[in-house]
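Chemist: First, the structure itself, so that you have it in front of you.
Read-outs: derived from the displayed coordinates by stated rules, not from any lab. In this text the structure is predicted, and so the values were computed from the model without any measurement. Counting neighbours? That spans all protein chains shown, and the Cβs are built from the backbone with ideal geometry, glycine included.
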Amino acid sequence: MTAPTPVTTTLPGALRAQPPAGMPHPRPPVTGGGTGVVRQLVLALLCAGYAVGSAFDWGSNQIALFMGDFGLTAAAGTAAVSCFLYARSPRVRFRPAWLLFALSSAMAALGNAVWGWYEVVLQRPVPSPSYADLFFLCFAPPAIVGLLVLAKRPVTKAGWICLALDAWLIGGSLLTLSWSLALAQAARFDGPSVAHTALSLAYPLMDIALVSMVLALHFRRSPGNRTAVNTAIGALALTVMCDALFTSPLLHSSYRSGQLLDAGWFAGSLLLAYAPWAAPRATGAQDPDGHTR
């Protein structure tokens with residue numbers, strides 16, 4: 001007698017080999033790599049072109065004023081539109097932070113537009129204080145709150161209230177300190193006006209608060225879109241560095257629009273415009289927390 005032949009049942013379709021236990025599941029393919037390289041190349045060419053033009057004073061004083069004022073307006077406006085469009089896209093983490101970055105860039109664009117109105121259109125020096133100072137001072141608070149949201153996103157209504165109170169405390173304390181120092185200096189010396197002294201003190205104080213948030217967020221990063229967050233941090237750090245150079249007595253007295261310092265602000269705005277779209281996107285569907293399904 002012969003042993004019975006083992007009967008094998010064939011399931012519909014081909015049998016799929018199961019991966020061994022403990023092996024990581026393959027990640028979905030990432031798309032947009034070529035597009036990302038093209039964006040980075042365009043960004044580098046724009047920043048390099050603006051830097052070269054600023055180094056040579058743009059060939060004439062009028063062109064230098066136009067590029068130093070309205071060129072920065074266009075760059076900051078691009079950052080505002082980019083962050084706003086990214087915040088409106090579905091399934092985006094930290095939507096309030098990107099909306100605040102859009103508001104911050106819009107304030108910078110309006111401040112540079114006021115400078116351009118005085119220097120290019122009216123062809124006269126920008127008064128101090130002016131509406132440009134108001135817009136430039138409004139650049140830092142939304143960026144600070146946006147960095148706070150990136151550092152620790154509130155999940156409850158009470159958390160949002162605490163975040164708003166913290167931001168109000170930071171802004172109010174800085175404003176009170178700047179005005180107190182301005183009043184003390186005005187009472188001791190018969191020099192510039194109180195408003196002018198307060199503005200000269202408010203700029204570095206806002207920059208100190210912003211760079212503090214940049215450093216804090218650098219050491220406490222969220223597990224989400226780290227590429228976008230790191231690019232935004234680098235853009236704000238570059239902007240703060242240029243602000244610090246501008247407020248220094250060595251450069252502030254000799255500054256005029258169209259100089260090489262404007263290339264730093266231009267690059268910072270374009271980096272912030274590129275930040276939301278910096279990370280490549282996977283083809284798989286993603287949940288609101290950024291995990292690929």
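Chemist: Could you work out how much longer the chain between ALA44 and LEU260 gets when fully extended? Use 0.36 nm per residue separation minus the Cα distance between them, nm to one decimal.
Modeler: Answer, rounded to one decimal: 76.2 nm.
Chemist: Using alpha carbons only, what's the Rg to Rh ratio of segment 67-153 with Rh from Kirkwood?
Modeler: Numbers: Rg = 14.6 Å, Rh = 13.5 Å.
Here Rg/Rh amounts to 1.08.
Chemist: With contacts defined as alpha carbon pairs under 8 Å and 6 or more residues apart, what's the relative contact order of segment 85-132 in percent? Kindly include the intermediate steps, with their values, before the conclusion.
Modeler: On the way: 21 pairs, mean separation 12.6, N = 48.
Relative contact order for segment 85-132 comes out at 26 percent.
Chemist: Under 18 Å from a label point 7 Å along Cα→Cβ of GLN62: give me every residue in segment 104-135 with its amide N that close.
Modeler: 116-125, by backbone N distance to the label point.
Chemist: Between THR227 and TYR131, what is 0.36 nm times their sequence separation minus the Cα-Cα distance? Round to one decimal in nm. Intermediate results must be reported in sequence, preceding the final value.
Modeler: On the way: separation 96, 0.36 × 96 = 34.56 nm, distance 3.50 nm.
31.1 nm is the gain from fully extending THR227 to TYR131.
Chemist: A further question follows. Given the peptides 73-85, 120-132, 260-272, arrange them by the average over their residues of other C-beta atoms within 10 Å, most packed first. The partial results should precede the final answer.
Modeler: On the way: 73-85: 21.2, 120-132: 13.2, 260-272: 23.6.
Taking the mean over residues of other Cβ atoms within 10 Å, the ranking is 260-272, 73-85, 120-132.
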